[in-house]
Amino acid sequence: MTALAAPNFDRLAGVYRWMEWLSFGGWLWQCRCAFLPEMRTSRRALVLGDGDGRFTARLLRESPLVRVDAMDLSPPMLDGLMGRAGEDRARVRPLVADVRDGLPDGAGYDLVVTHFLLDCLTTGEVEALAAQVKTKLTVKALWVVSEFAIPQGWFGRVVARPVVSLLYWAFGWMTGLRVRKLPDWTGALERAGFVLEGRRSRLHGLLVSERWRAGSGEPAA
Ligand SMILES: C[S@@+](CC[C@H](N)C(=O)[O-])C[C@H]1O[C@@H](n2cnc3c(N)ncnc32)[C@H](O)[C@@H]1O
């Protein structure tokens, strides 16, 4: 299967946080930090689709021993991260790469973070990513996911679905993102052998934060 063309978030790096505040206020930030207490004990984290580094800079402050590999397609986004990390930048390894092309060499991550990245991928791409991520983790590693979602019921039909469609249209226009619908990341993570441990939703289910555990079992057939 041919991969969709990669989006380009470079132009948004400087304005992304303001766009976010104007559209969703502090809700996305609350999602990113929903499981921060559980992440504080991490020693080796992999942040995929890091973006402008606001979350990773916070993780570095809260977790003085963590070392972070931060992967993103966009050099200006990762420049933002290194600026925000300040003195903690020595504990960050910025990696400009497409997560669909493979993950960093080595293993032993006890934390994986994907905040609003999986919605840039198809279900098949999330499946391939989850299978790869699994090979890089310690036995009880965490994967923290923040995402948009379309809940069951009238709110999902009347509000969430049109909002998500509008976001896809806007990001398609601004970045060239070709994906047009939310992937089934839940199924993809389950099939790779991850177990959902905790879930919080906001804005009636339009936003979700999830905490997945690597588990010791084999991927589901
Ligand atoms: C919607 S932004 C979210 C950024 C950040 N995680 C946050 O919570 O604000 C998506 C980010 O993922 C990056 N991205 C999208 N597709 C990617 C891919 N295939 N590989 C690596 N990074 C990707 C973009 O460059 C962008 O920085």
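The values are calculated or read from the model by the stated rules, or taken from the named source; none is laboratory data. All of these numbers come straight from a predicted model, not from anything done at the bench. Backbone-built Cβ (ideal geometry, glycine too); neighbour counts: all protein chains shown. Heads up: the accessible areas ignore ligands, DNA and RNA and are worked out on the full protein's heavy atoms, side chains in. Shrake-Rupley method; radii C 1.70, N 1.55, O 1.52, S 1.80 Å.
Structure values in brief
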| item | result |
| --- | --- |
| Search result, residues across region 181-213 that are assigned to a loop (DSSP other than H, G, I, E, B) and either at pLDDT below 95 or in contact with an Asp or Glu (Cβ under 8 Å, 6 or more places away or on another chain) (or both) | LEU182, PRO183, ALA192, GLY193 |
| Any chance LEU166 is within 11 Å of the ligand (Cβ to nearest atom) and of a type in the set (A, V, I, L, M) | no |
| Positions within region 1-52 being part of a helix (DSSP H, G or I), more than 16 Å from the chain's Cα centre (by Cα) and surrounded by fewer than 16 Cβ atoms within 10 Å (Cβ to Cβ), in sequence order | ASP10, ARG11, TRP18, MET19, TRP21, LEU22, SER23, PRO37, GLU38 |
| Only one of ASP105, ASP110 that is farther than 23 Å from LEU167 by Cα, open to solvent by 40 Å² or more (accessible area, probe 1.4 Å) and either in a loop (DSSP other than H, G, I, E, B) or free of Cβ contacts under 8 Å to residues at least 24 places away in the same chain (or both) | ASP105 |
| Enumeration of residues in region 73-96 that are in contact with a helix residue (DSSP H, G or I) (Cβ under 6 Å, 6 or more places away or on another chain), part of a strand (DSSP E or B) and surrounded by 15 or more Cβ atoms within 10 Å (Cβ to Cβ) | VAL92, PRO94 |
| Check on PHE171, within 16 Å of the ligand (Cβ to nearest atom), not polar (S, T, N, Q) and not in a strand (DSSP E or B) | yes |
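Every residue, every condition in (1) away from the ligand (no atom under 16 Å from the Cβ); (2) among the basic types (Lys, Arg), yes or no:
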| site | (1), (2) |
| --- | --- |
| ARG58 | no, yes |
| ARG61 | yes, yes |
| LEU73 | no, no |
| LEU81 | no, no |
| ARG89 | yes, yes |
| VAL92 | no, no |
| VAL96 | no, no |
| LEU117 | no, no |
